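Single-structure report; data block below.
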Amino acid sequence: MKLKNLFKAMVVAGAVAGVSACSQMQTAENAVEKKAEEKVQQVKAEISKLYEVHHEDGRLYFFYDKDSYKHFLQHGETPYAYKRIASGPKGETLVFGLTGKDKKKTTGIPSVEMYDGQLQPEMFYGEARIEGRIYVFSTLEDMNDVRTVGEAPYRYTDIGSGPNGETVVYVLNKGNKKKRPDALIAAFKKAYNKM
């Protein structure tokens, strides 16, 4: 009888230990899933930016990486680039600035994918430097329209508020044309530490 009770106790203890191990395993799996989701959100945030420069040499430069963009603004060149000759809306050469890790890629480059319409970011921030002005966008569609047309029909203009005294044009659209773009203004100021 004692042996039978001992065996039952061992079975119950084993079952409890198994449930505990399963619970720990589930917690670990949840932590891994959460970390993976955070990484996906981080990547989405990283690739939801597009910087464009209409250069005096007649080329259009695109960057998804802010450091590459800053380097170009300071030095007028990009160390690594992917080029498309005469592929712009008016026959301009397109130059996509690349990071060191992207220099050997021919696919999977966020700026190229956004330009080609293969990547539609959920959250977006864009800048285009055109003829001494900085245009700021909250949607990729608005950015594409300004590039094609050459002007923003709906906008909020802030003269002299750029980092070097440039006029900043916050591009609006039919859906938000009657509202001051406070969130976009805050994003621009944060990007240039002007808050």
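Every listed requirement among (1) touching a Phe, Trp or Tyr at 6+ places or on another chain (Cβ under 7 Å); (2) farther than 16 Å from Phe188 by Cβ; (3) not assigned by TED's automatic domain parsing to the domain that holds Asn193 is met by Ser87 save one, (1). Within segment 107-142, the set of residues being among the β-branched types (Val, Ile, Thr), assigned to a loop (DSSP other than H, G, I, E, B) and closer than 18 Å to Phe188 by Cα comprises just one member, Thr139. Checked against the criterion of being part of a helix (DSSP H, G or I) and either touching a helix residue (DSSP H, G or I) at 6+ places or on another chain (Cβ under 9 Å) or modelled with pLDDT of 90 or more (or both), the candidates Phe62, Phe72 yield just one match: Phe72.
Pairing residues of segment 143-162 that are within 20 Å of Tyr192 (Cα to Cα) and β-branched (Val, Ile, Thr) with residues that are at pLDDT below 95 and in a helix (DSSP H, G or I), at Cβ distances under 7 Å and at least 6 apart in sequence or on separate chains, gives no pairs at all. Filtered by the rule that a residue be part of a loop (DSSP other than H, G, I, E, B) and either modelled with pLDDT of 95 or more or surrounded by 15 or more Cβ atoms within 10 Å (Cβ to Cβ) (or both), segment 166-179 gives Glu166, Asn173, Asn176. For segment 108-125, check the following and say yes or no: at least one residue is over 15 Å from Tyr51 (Cα atoms), loosely packed, with under 11 Cβ neighbours inside 10 Å and either touching a Cys at 6+ places or on another chain (Cβ under 8 Å) or touching a residue at least 60 places away in the same chain (Cβ under 8 Å) (or both). Checked against the condition, which is being over 15 Å from Tyr51 (Cα atoms), loosely packed, with under 11 Cβ neighbours inside 10 Å and either touching a Cys at 6+ places or on another chain (Cβ under 8 Å) or touching a residue at least 60 places away in the same chain (Cβ under 8 Å) (or both), segment 108-125 yields at least one hit.
The values are calculated or read from the model by the stated rules, or taken from the named source; none is laboratory data. Treat the numbers as computed from the prediction; the structure is a model and nothing was measured. A quick note on method: Cβ atoms are made from the backbone with ideal geometry, for glycine too, and the neighbour counts reach across all protein chains shown.
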